[in-house]
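First, the structure itself, so that you have it in front of you.
The values are calculated or read from the model by the stated rules, or taken from the named source; none is laboratory data. Keep in mind it's a predicted model, so treat the numbers as computed, not measured. A quick note on method: Cβ atoms are made from the backbone with ideal geometry, for glycine too, and the neighbour counts reach across all protein chains shown. Only protein heavy atoms, including side chains, enter the accessible area calculation; ligands, DNA and RNA are left aside. Shrake-Rupley method; radii C 1.70, N 1.55, O 1.52, S 1.80 Å.
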Amino acid sequence: MKTEIESRLAALRKEMEKAGVALTIIPHADPHQSEYMSSHWHLRGFFSGFTGSAGTLVAGMDEACLWTDSRYFLQAGLQLEGTGISLMKEGIPGTPTIAEYIISRLPAGSTVGIDGMQFSINAERELRSELESHGIKLVTDFAPADTIWTDRPALPDNKAFIHEEKYSGESAAEKIAKILEAIKKKGADAILISALDELAWTLNMRGSDVKYNPVVTAFLYLGKGDSTLFIDGIKLDDKVKAYLATNGIATAPYGNVAEFLASLPESTHVLVDPASTSSAMVKPLGKRMVTAKSPIPLMKGTKNDVQIAGIRAAMKRDGVALVKAMMDIESMLSEGKPLTEMEIGRILTKRRSEQPLYFDDSFGTIAGYRGHGAIVHYEATPESNATIKPDGLLLIDSGAQYLDGTTDITRTISLGNPTDEERHDFTLVMKGHIALGTAIFPEGTRGSQLDVLARRFLWNEGKSYLHGTGHGVGHFLNVHEGPQNIRLNENPATLEPGMLTSNEPGLYITDKYGIRCENLVLTVPAFTTDFGKFYKFETVTLFPFDLKLFDVTLMTDDEVRWLNEYHKRVYDTLAPELDAHERAWLEHKTIPLTKNNQ
């Protein structure tokens, strides 16, 4: 693979020379600005060999570098070794931004080439401004993969299907009416929806174009009496065609968006979200373009009563599947049967697939044994696939897509007798998890204002983690969604009732172990006082934490009480769905913790 990457970079540099481009930037992005995308758009992976979901390749004539965040430092270091590509660690002091790097390398008069279909309006504007202030030209029609990637996968042609209203809780017509009303307040007559999860939510339409994300590759134009879905016809069966017609949605080929936008009357004002719309796509709009945040993420992120009921039901089924899967794993270890990281993923998928309404996993299972657990977004490969033994820590981060909800859970498990250090660090992480999960906060609170609750016990000992503490979770949609999150970085989106968010502090000791403890929490009303409305979190994930890893000498009585009450709820909810052997296993895993049972 390393020699293939060197060959591809050499071919890339030939194309750069032909086009008069001194340097090119290749992000992990598609025309919809997706986090996860179809293999057709894995250009950065093709040219670099790095497979993480975040990262950007910058290639010049003499050197190449790849920027990624802390989740992928270890993975990127391994995958880039021997390729000639240097790793740039985003967020680490001393690491230049991509623009700073380019400016330091290129003289005025140089040209940087990008494919404008892979850059959002915001990203292109910011890059152009920084480069042009130093006399460097930016061109947006450099697409070398069209020539070099001769066996490039085609765009997906999987069939779309309707997500029934009994699961979504709201019709497409109702959603479209709300969207059109919202954009009118922003001075727009129509909206172009590029983000695939926004489109899927709006139309109650799902698909299997992107692994783990039940979305359909398309663009959606909504206007009063003039709405069009841009999608390849092969993806639509008669039922979906009839459904679209009933909702007043015409169809056109996927590649006809720019031509359609160019044909719109000059009086039509089209809202496009500059963060999720590719710059090249909307250039034909000219003065007809209104750039503003899409109103859809907030609508989509605030789940309705039907969705919330579905989420709770999905969590129960997921908990049952996890009980069965963990019993399988423990049985294999006790019997001395071969067990690897990849096999753990297969066991989890098998058990989840036995549950009603299962559709797919919600992301690739992270099963990191010992040092692999310290790689935040580790995914085992045949080359790295470690054999699990009955000792050390195992970090398992996994989830599922059910028709009525999306799940995401992480548990850190001791497979033998944990060390004092492991128990100490695990307990610090759980103290932060509990502090965040029990928070009460006023209306208008942002995730960044709560993030410290999860970190303070680690910070007290000079420890930390570099990823966010929480991300929004979709409803039978992307496991990562906005608008809310819980992290150190500022985000103006506030936490609103109905939002589903992860609570996942962690700690990673390189080459030794990783610890992460994740539940999903629902923002719900707490009470109202003279000072206004207050909210809290309802923990909806249902599966026990490993009792062997708690050092209760570090815990308060309230923390022990929270854990015991949570474990009682887990048992009471799941036990009726289990057989006698499974109930006994779960009962043992949820024995009340006291300061005397160390």
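I'd like the full set of residues that are among the basic types (K, R), under 25 Å from the mean Cα position of the chain (by Cα) and surrounded by fewer than 20 Cβ atoms within 10 Å (Cβ to Cβ), limited to segment 510-545.
Within segment 510-545, just K536 meets the criteria.
Testing F363 on (1) surrounded by fewer than 20 Cβ atoms within 10 Å (Cβ to Cβ); (2) closer than 20 Å to Y465 by Cβ; (3) not hydroxyl-bearing (S, T, Y), one condition comes back false. Which one is that?
(1)
Please verify whether segment 295-309 includes one or more residues that are over 18 Å from L477 (Cβ atoms) and hydroxyl-bearing (S, T, Y).
No; the residues of segment 295-309 include none that is over 18 Å from L477 (Cβ atoms) and hydroxyl-bearing (S, T, Y).
Give the residue, chosen from I413, I396, that is buried (at least 23 other Cβ atoms within 10 Å of the Cβ), under 16 Å from F543 (Cα atoms) and over 16 Å from the mean Cα position of the chain (by Cα).
Only one candidate qualifies: I396.
Just name the residue that is nearest to the chain's Cα centre (by Cα) out of those in segment 213-234 that are more than 24 Å from L298 (Cβ to Cβ), touching a residue at least 40 places away in the same chain (Cβ under 8 Å) and surrounded by fewer than 22 Cβ atoms within 10 Å (Cβ to Cβ).
Here the residue is D232.
Let's see how each residue does on (1) of a type in the set (D, E, K, R); (2) more than 30 Å from D360 (Cα to Cα):
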position	(1), (2)
D425	yes, yes
F441	no, yes
F457	no, yes
E461	yes, yes
L477	no, no
A493	no, no
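Give the residue, chosen from G368, G444, that is of a type in the set (G, A, S) and buried (at least 20 other Cβ atoms within 10 Å of the Cβ).
Sole residue among the options that is of a type in the set (G, A, S) and buried (at least 20 other Cβ atoms within 10 Å of the Cβ): G368.
Continuing with the same structure: Looking at T412 and the list (1) part of a strand (DSSP E or B); (2) closer than 17 Å to T349 by Cβ, which single condition is not satisfied?
(2)
Test each condition in (1) touching a strand residue (DSSP E or B) at 6+ places or on another chain (Cβ under 7 Å); (2) among the aliphatic types (A, V, I, L, M); (3) free of Cβ contacts under 8 Å to residues at least 60 places away in the same chain for I102 and report the one that comes out false.
Going through the list (1) touching a strand residue (DSSP E or B) at 6+ places or on another chain (Cβ under 7 Å); (2) among the aliphatic types (A, V, I, L, M); (3) free of Cβ contacts under 8 Å to residues at least 60 places away in the same chain, I102 breaks only (3).
So, restricting to strands (runs of 3 or more DSSP E) that lie completely within segment 478-535, which ones have at least 1 residues that are free of Cβ contacts under 8 Å to residues at least 40 places away in the same chain?
In segment 478-535, 481-486, 519-529 are the strands (runs of 3 or more DSSP E) which contain 1 or more residues that are free of Cβ contacts under 8 Å to residues at least 40 places away in the same chain.
Matching residues to (1) of a type in the set (S, T, N, Q); (2) at positive phi; (3) not in a loop (DSSP other than H, G, I, E, B):
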{"position": "I5", "(1), (2), (3)": "no, no, yes"}
{"position": "A10", "(1), (2), (3)": "no, no, yes"}
{"position": "K18", "(1), (2), (3)": "no, no, yes"}
{"position": "T24", "(1), (2), (3)": "yes, no, yes"}
{"position": "Q33", "(1), (2), (3)": "yes, yes, no"}
{"position": "M37", "(1), (2), (3)": "no, no, no"}
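Pick from A275, A262, A292, A242: which is within 17 Å of K159 (Cα to Cα) and either open to solvent by less than 10 Å² (accessible area, probe 1.4 Å) or not charged (D, E, K, R) (or both)?
None of the others qualify; the one that does is A242.
Name, by its number, the condition in (1) within 30 Å of L236 (Cβ to Cβ); (2) in contact (Cβ under 8 Å) with a residue 24 or more places away in the chain that does not hold for D146.
(2)
Condition first: more than 25 Å from D420 (Cβ to Cβ) and either in contact with a Leu (Cβ under 6 Å, 6 or more places away or on another chain) or crowded, with 16+ Cβ neighbours inside 10 Å (or both). Now tell me which residues in segment 552-574 satisfy that.
V570, Y571, T573, L574
Out of everything in segment 575-596 that is free of Cβ contacts under 8 Å to residues at least 40 places away in the same chain and in a loop (DSSP other than H, G, I, E, B), what residue ends up being surrounded by the most Cβ atoms within 10 Å (Cβ to Cβ)?
P592
Can we say A172 is open to solvent by less than 80 Å² (accessible area, probe 1.4 Å), among the small types (G, A, S) and under 30 Å from S464 (Cα atoms)?
no
For the structure I just gave you, tell me whether G286 is within 28 Å of the chain's Cα centre (by Cα) and of a type outside the set (A, V, I, L, M).
In short, no.
Is there any pair linking a residue in segment 540-555 that is closer than 17 Å to K595 by Cβ and touching a residue at least 60 places away in the same chain (Cβ under 8 Å) to one that is assigned to a helix (DSSP H, G or I) and open to solvent by less than 10 Å² (accessible area, probe 1.4 Å), with Cβ under 6 Å and at least six apart or on different chains, and which?
Going by the 6 Å Cβ cut-off, the qualifying pairs are L549/F426; F550/T427; D551/T427; L554/T427.
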